[in-house]
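Where a number appears in this text, it was derived from the coordinates with a stated rule and is not lab data. Note that this is a predicted model, so its numbers are computed, not measured. Cβ placement follows ideal geometry from the backbone for every residue including glycine, while neighbour counts extend to all protein chains displayed.
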Amino acid sequence: MAKWVYTFKEGNMTMRNLLGGKGANLAEMTEIGLPVPQGFTITTEACTQYYEDGRKINDEIMDQTMKGVEWMEKENGKKFGDLKNPLLVSVRSGARASMPGMMDTILNLGLNDDVVKAMIAGNPDPKFERFVYDSYRRFIQMFSDVVMEVGKKYFEQLIDKMKADRGVEFDVDLTAADLKELAEQFKEEYKNQLGQEFPSDPVEQLKLAIEAVFRSWDNPRANVYRRDNDIPYSWGTAVNVMPMVFGNLNDQSGTGVAFTRDPATGEKKLMGEFLKNAQGEDVVAGVRTPMPIAQMEQEFPEAYEEFIKVCETLENHYHDMQDMEFTVENKKLYMLQCRNGKRTAPAALQIACDLVDEGHKTEEEAVAMIDPRNLDTLLHPQFDAAKLKAATPLGKGLGASPGAACGKVVFTAEDAEEWNARGEKVVLVRLETSPEDITGMKAAQGILTVRGGMTSHAAVVARGMGTCCVSGCGDIAMDEENKTFTLAGKKFVEGSEISIDGTTGNIYGELIPTVDAQIAGTFGRVMAWADKYRKLKVRTNADTPQDAKKARELGAEGIGLCRTEHMFFDETRIEAFREMICADTVEEREAALDKILPYQQGDFEKLYEALEGFPVTIRFLDPPLHEFVPTEEEDIKKLADAQGKSVEDIKTLIEGLKEFNPMMGHRGCRLAVTYPEIAKMQTKAVIRAAIEVQKAHSDWNMKPEIMIPLVCDIKELQFVKKVVVETADAEIEAAGVKLDYEVGTMIEIPRAALTADEIAKDADFFCFGTNDLTQMTYGFSRDDAGKFLDAYYDKKIFESDPFAKLDQDGVGKLMDTAIKLGKPVNPNLHIGICGEHGGDPSSVEFCHKIGLDYVSCSPFRVPIARLAAAQAAIANK
């Protein structure tokens with residue numbers, strides 16, 4: 001028979017997967033002799049079983065639960081449902097990974113009219129009577145809300161009405177008689193809402209409460225939290241049942257929450273809050289303003305002294321900052337939970353360094369304990385914390401690129417540039433962005449889009465620039481033509497004030513001031529440890545010298561992807577490039593490309609300079625040509641005049657470039673096959689720039705890496721490579737210098753991965769373009785997938801967005817296959833990844849395992865990748 005229930009004396013902290021974090025820590029605290037009310041845990045496996053049995057608790061689990069209750073009665077000398085000495089319990093959730101506030105809790109369970117009467121009869125003190133009714137009305141309210149899903153608001157309204165009738169301000173000011181009446185009103189409301197009486201049998205109450213906790217594992221907020229934090233649905237939650245201790249018993253009692261170090265800064269000092277005559281939910285819910293923990297010393301000196309000892313014991317035991325909940329009942333201290341505390345990024349770094357200095361942790365352990373995703377917030381502007389707390393969000397999109405932005409609303413890239421030029425801070429709001437919006441995106445403080453997911457154009461580009469971005473806020477009703485949108489009933493026009501939070505996805509209809517990120521010495525110290533232990537190199541995706549410089553500052557060891565198309569959108573070049581597209585002959589095309597050549601060479605020289613001799617991989621032109629042609633009437637007319645053609649001719653040409661499915665259309669190396677002159681021009685620019693920079697810096701070892709995108713067949717690569725090699729060799733010979741260069745390819749089409757043994761014969765390197773590889777492997781368009789992925793999450797078909805977190809089973813298998821096929825054929829083949837996944841910690845770990853040489857990610861994600869690479873090396877030693 002399976003064991004579904006463990007008492008706190010049977011578990012310990014290593015049993016986290018089975019008992020959940022809270023249960024394992026309660027058992028551990030019991031084992032080291034701390035004052036814990038003795039109860040039991042129903043395992044995470046029971047939760048999985050509950051869902052398998054069609055959301056029912058089977059008899060075996062219920063029988064073991066009742067045996068647990070019997071044990072608890074003996075241990076505590078009280079009986080469940082007894083009138084003389086009743087045992088009241090709390091029922092709490094507890095998953096393996098901490099999910100604060102995402103699941104449900106019920107306190108004071110086991111009360112009914114008879115128990116209440118008996119308790120009061122046994123203690124004539126009027127204050128005690130008030131306490132009993134206070135506990136009873138709380139229980140009815142919580143049970144109704146959490147277990148039976150009757151909204152909280154009905155009860156809040158009754159409390160507010162009662163306070164107004166009695167002319168008092170706080171709940172504490174209501175008398176025993178008031179609370180007794182309130183309890184009756186609550187039961188009436190319950191019956192009113194559900195058409196049945198409030199359950200009086202404690203065993204029935206317990207069963208319903210346990211079901212409610214299991215059910216809350218699947219509530220919408222828990223599902224969203226899990227997706228954001230990589231917590232698998234299959235883990236399930238445990239349920240902890242323990243005797244109540246009452247912080248609301250009298251003025252000799254209270255409840256509190258504390259941290260052994262400051263969770264905002266990491267400073268080594270006790271931080272926390274305490275409320276006299278209250279239950280835990282009062283502190284957490286912020287119903288009353290608590291006092292700082294130090295004040296507890298005046299009120300309860302003995303309990304405070306013991307608590308300080310407990311804090312020290314726990315830190316020395318867990319070797320990490322602890323977050324604790326406790327209650328004092330009649331001056332006696334009880335510990336209700338402890339866990340490694342959640343902390344901000346600056347605090348995480350400070351605590352990690354302090355724990356090493358204090359001898360609690362080795363460098364490797366310190367590196368392993370920091371959540372790499374947390375570092376994101378360190379490098380971007382943040383909202384002023386106090387001002388943010390006072391603000392209410394109007395809506396929420398996806399936090400696609402971290403940071404904080406406030407400014408005035410503009411609706412087009414041109415307006416963003418114009419307003420920015422006259423010193424206005426703007427937030428660019430679009431249905432979705434496209435490549436020609438790039439200059440406007442640069443000019444904006446932040447970007448907000450109605451459509452698109454975490455890998456939409458807006459998200460990818462914003463992360464690259466380190467600009468805050470919230471994408472996919474479908475609640476916005478957008479009217480781009482008239483430059484207005486509506487969100488949560490509020491109408492925004494051009495110039496309206498707005499703030500967006502790229503970390504949480506929250507949108508505010510006001511200006512919230514921002515403060516610049518501060519990078520402290522602890523950052524450098526932790527990063528130096530990370531670099532010491534990692535095996536993977538970390539490069540960056542950068543198209544501009546500014547991005548490249550930023551990435552070098554943040555520790556990048558080269559460029560893994562320079563997207564050359566972004567360089568063509570500049571005013572001076574786009575005209576020449578459009579001439580090339582409109583040209584009728586090879587000669588005309590070459591003449592137009594010759595105009596671009598010096599610009600492109602200059603771009604590459606600046607990039608090489610910024611990287612100081614580190615490797616630079618330049619990807620040849622990738623997008624389909626229709627992305628470069630004009631869309632506005634006046635631009636079309638301008639092009640027609642320049643070409644000496646009619647507007648009709650140009651429109652026909654533009655129409656001819658449109659494709660049904662451009663992502664799988666005439667793009668990538670297919671352009672170089674049709675128009676080899678594009679590849680020739682780009683090769684000349686790469687080689688000439690390298691020769692110039694090598695002359696200026698004889699100590700650098702210039703070795704440009706030319707990357708051919710979207711190859712699916714070896715013959716295709718051979719054709720384009722021949723053009724590149726002939727052009728490059730001629731340039732090098734003409735200059736009379738020695739220069740090595742490499743020609744490699746992106747692996748972003750499944751066929752390329754499956755025939756990598758052929759392709760490797762002619763490639764010096766592979767780079768996985770996992771954005772396209774994911775798109776082609778799933779057959780999802782990444783710009784449209786956001787519309788239906790939510791349904792996939794709801795139905796548990798997917799747990800995470802495959803564009804944000806690498807699909808290791810499918811896409812990963814193709815990568816692994818390509819490496820295993822390619823390396824034996826070409827032992828010198830070096831292999832990297834340059835999709836967005838290069839900055840995702842779980843994807844970086846996978847890249848380490850399958851033997852990649854480097855990952856490449858946007859500049860601001862470089863520290864994340866460095867840390868994740870070190871964690872992967874330490875975990876897979």
Query raised in the report: Which values of log₁₀ I(q)/I(0), to two decimal places, follow from the Debye formula for segment 686-727 at q = 0.19, 0.22, 0.23, 0.25 Å⁻¹ with a uniform point scatterer at every Cα?
Result: -0.66, -0.76, -0.79, -0.85
Report task. Treat each spin label as a single point 7 Å out from the Cα along the C-beta direction, and report the Arg525 to Lys153 distance in nm. Result -> 5.0
Report summary line: Excluding residues fewer than 8 positions from Lys268 in its own chain, the lysines with Cα under 20 Å of it are Lys309, Lys342, Lys361
Query raised in the report: Residues with amide H under 5 Å of Arg539's amide H, sequence separation 5 or more or different chain, H placed in the peptide plane at 1.01 Å from N; which?
Result: Glu557, Val855, Ser856, Cys857
Report task. Rounded to whole Hz and in sequence order, give me ³J(HN,Hα) for segment 689-706 from the Karplus expression 6.51 cos²θ - 1.76 cosθ + 1.60, θ = phi - 60°, writing x for Gly and Pro. Result -> 4, 5, 5, 4, 5, 5, 4, 6, 10, 5, 7, 7, 9, 6, 8, x, 10, 9
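Can you list, largest first and rounded to whole Å, the semi-axes you get for segment 630-783 by taking the square root of 5 times each eigenvalue of its Cα gyration tensor?
Details: eigenvalues 198, 130, 36 Å².
Largest first, segment 630-783 gives 31, 25, 13 Å.
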**Report entry** Nitroxide proxy distance, nm - points 7 Å out along Cα→Cβ at Asn482 and Glu197
**Finding:** 5.9
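Report the per residue volume, in Å³, of the convex hull enclosing the C-alpha atoms of segment 320-468. Please list the in-between numbers first.
Numbers: hull volume 26.1 nm³, N = 149.
Hull volume over Cα atoms, normalised by residue count, gives 175 Å³.
Taking the convex hull of the Cα atoms, report for segment 50-138 its projected area averaged over all directions, in nm².
Here the figure is 8.0 nm², rounded to one decimal.
Check each of the GluC sites (Glu not before Pro) in segment 769-877 and keep only those in coil by DSSP with at most 11 other C-beta atoms within 10 angstrom; list them in order. Please list the in-between numbers first.
Values: sites: Glu799, Glu836, Glu845; in loops: Glu799.
Taking segment 769-877 and a limit of 11 other Cβ atoms within 10 Å, no loop GluC sites (Glu not before Pro) are found.
Sort 557-566, 172-181 by the packing proxy (mean of other Cβ within 10 Å over each peptide's residues), most packed first. Provide the component values of the computation, followed by the final result.
Numbers: 557-566: 22.5, 172-181: 16.9.
The densest-packed peptide leads the list: 557-566, 172-181.
With charges set only on the Cβ (+1 for Lys and Arg, -1 for Asp and Glu), what does the dipole of the chain come to about its Cα centre, in debye to the nearest 20? Walk me through the numbers on the way to the answer.
Working: 103 positive and 143 negative charges, 324 e Å.
That gives the chain a dipole magnitude of about 1560 debye.
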Report task. Kindly express, to the nearest 10 degrees and within the range 0 to 90, the angle between helix 862-875's C-alpha long axis and the longest C-alpha principal axis of the chain. Result -> 60
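Take the eigenvalues of the Cα gyration tensor for the chain, scale each by 5, and report the square roots as semi-axes in whole Å, largest first.
On the way: eigenvalues 716, 175, 122 Å².
Listed largest to smallest, the semi-axes of the chain are 60, 30, 25 Å.
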Report task. Mind listing the long-range amide H neighbours of Gly446? Cut-off is under 5 Å, sequence gap 5 or more, other chains count too, H placed in the peptide plane at 1.01 Å from N. Result -> Leu428
Query raised in the report: Which length gain, in nm to one decimal place, applies between Glu648 and Ala696 when the Cα-Cα distance is subtracted from 0.36 nm times their residue separation?
Result: 12.3 nm
Report task. Can you give me the three principal axis dimensions of segment 447-559 from its C-alpha atoms, in Å, biggest first? Result -> 53, 27, 23
Report task. Please give the helix 841-850 orientation as an angle from the longest Cα principal axis of the chain, in degrees from 0 to 90, rounded to the nearest 10. Result -> 60
Query - Leu336 long-range amide H proximity, modeled H, under 5 Å - result: Glu325, Phe326, Thr327
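So which GluC sites (Glu not before Pro) in segment 583-651 are both in a DSSP loop and have at most 13 other Cβ atoms within 10 Å of their Cβ? Present the calculation step by step, with values, prior to reporting the outcome.
Working: sites: Glu587, Glu588, Glu590, Glu605, Glu609, Glu612, Glu627, Glu632, Glu633, Glu634, Glu648; in loops: Glu612, Glu632.
Filter output for segment 583-651: Glu612, Glu632.
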Query raised in the report: Once phi is turned into ³J(HN,Hα) by the Karplus curve 6.51 cos²θ - 1.76 cosθ + 1.60 with θ = phi - 60°, what whole-Hz value does each residue of segment 760-771 show in order, with x for glycine and proline?
Result: 4, 5, 10, 10, 7, 7, 10, 9, 7, x, 6, 5
Query raised in the report: Going down the list Lys161/Lys332; Lys442/Lys805; Lys490/Lys638; Lys638/Lys721, which pairs span over 30 Å between their C-alpha atoms?
Result: Lys161/Lys332; Lys490/Lys638; Lys638/Lys721
Query raised in the report: What spacing in nm lies between the two simple spin-label points modelled at Glu181 and Lys9, each 7 Å away from Cα in the Cβ direction?
Result: 4.8
Requested in this report: Please express the Cα-Cα pair-distance distribution P(r) of segment 161-242 as a list of whole percents, one per 10 Å bin, running from 0 to the bin with the greatest distance.
Outcome: 14, 26, 26, 26, 8, 0
Query - Angle between the chain longest axis and helix 202-216 axis [Cα atoms, degrees, rounded to 10] - result: 10
Query raised in the report: In the chain, with Lys and Arg counted as +1 and Asp and Glu as -1 at Cβ, which of these residues, Phe411, Thr484, Pro202, has the Cα nearest the positive end of the dipole, that is, farthest along it?
Result: Pro202
Report task. Evaluate E = 1/(1 + (r/R0)^6) for Lys703 and Ala734, where r is the Cβ-Cβ distance and R0 equals 25 Å; express this FRET efficiency to the nearest 0.05. Result -> 0.85
Query - Between segment 326-387 and segment 757-792, the Cα center-to-center distance that results, in Å - result: 37
Query raised in the report: Just going by the charge dipole of segment 749-877, with Lys and Arg at +1 and Asp and Glu at -1 on Cβ, which of Cys847, Ala756, Ala872 is farthest out on the positive end?
Result: Ala872
Report summary line: Calc'd 3J(HN,Hα), segment 20-26, phi into Karplus 6.51 cos²θ - 1.76 cosθ + 1.60 (θ = phi - 60°), Hz, glycine/Pro = x, comes to x, x, 5, x, 5, 6, 5
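For a quick check of your reading of the filter: which trypsin sites (Lys or Arg not before Pro) in segment 603-698 sit in a DSSP loop and have no more than 11 other Cβ atoms within 10 Å?
Numbers: sites: Lys606, Arg619, Lys637, Lys638, Lys645, Lys651, Lys658, Arg667, Arg670, Lys680, Lys684, Arg688, Lys695; in loops: Lys645, Lys658, Arg667.
Passing both the DSSP loop test and the Cβ count: Lys658.
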Query - Principal axis dimensions, largest first and in whole angstrom, of segment 718-848 by Cα - result: 63, 30, 26
**Report entry** 10 Å Cβ shell holding at most 11 others, DSSP loop, chymotrypsin sites (Phe, Trp or Tyr not before Pro): longest site-free stretch of the chain
**Finding:** 171-659
Requested in this report: Provide the gained length on full extension for the span Leu431 to Lys269, in nm with one decimal, where the gain is 0.36 nm per separating residue minus the Cα-Cα distance.
Outcome: 53.6 nm
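Tell me the mean residue ellipticity at 222 nm calculated for the chain from its helices only (DSSP H runs of n ≥ 4, each -39500 (n - 2.57), averaged over every residue, nearest 500).
Working: 35 runs with 405 residues, N = 877.
Result for the chain, helices only: -14000 deg cm²/dmol.
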